[in-house]
Amino acid sequence: MMTSILTKRIFAFIAAMIMIPLISHTVFASTAPSSEDSQSNTNTPGPVQVFDISAGKVVKTIPNDKKFQKMATKWTKSVSGLSPQATTDHGCTYVYRIPLSKPAKINTGEISVTTNNLFLFYCKDKSPFLLVFDELNKPFLFLFKENIDPFIKKVGLPTATN
């Protein structure tokens, strides 16, 4: 009985580690700026994108500005550790991609990760968490302490009725 539960958890973890990179890279790639765009304007990050998990697509694209960059910096500085959550559940409704104007370094414990993009997972009734990829595209899920309400208000999704 115990090995059955352990086996299920291991398979769920493996599935999550496969799905997270697929969701973030595949979904956001269709609207991400091309390498030519980013080379011509290296200090201007691409737009903030909102991915609706249930719809399976990007539902909103917003110009990236200094306010978004400041919020993202606060999130990375308030990282409290790795997230124990390895999968999204039905309470997770949106993933936000925030390209950074300059790489951010996240340090927690013995882990140090530098990234150019943050993926914020919004899950109703749960703490938000960040997905980041290191230079080798290895995924990391981080918990953080900063309030995301100003970000949600600025983005407009989810709305008060969602």
- [ ] Taking only the C-alpha atoms, wrap a convex hull around the stretch 81-160 and report its volume per residue in Å³ as a whole number.
- [x] 102
- [ ] Pop the C-beta distance of Lys126 and Lys102 into the FRET formula with R0 = 35 Å and round what comes out to the nearest 0.05.
- [x] 0.75
Task: Under the Karplus curve 6.51 cos²θ - 1.76 cosθ + 1.60, θ = phi - 60°, whole-Hz ³J(HN,Hα) for the stretch 126-134, x wherever Gly or Pro sits - done: 9, 5, x, 9, 10, 10, 10, 10, 7
Task: Additional length obtainable on full extension of the chain from Lys67 to Thr44, 0.36 nm per residue less Cα span - done: 6.9 nm
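Since every read-out is calculated from the coordinates, none of them should be taken as a lab result. The structure displayed is predicted, hence computed values, not measured ones. Note: ideal-geometry Cβ built from the backbone for every residue, glycine included; neighbour counts use all protein chains shown.
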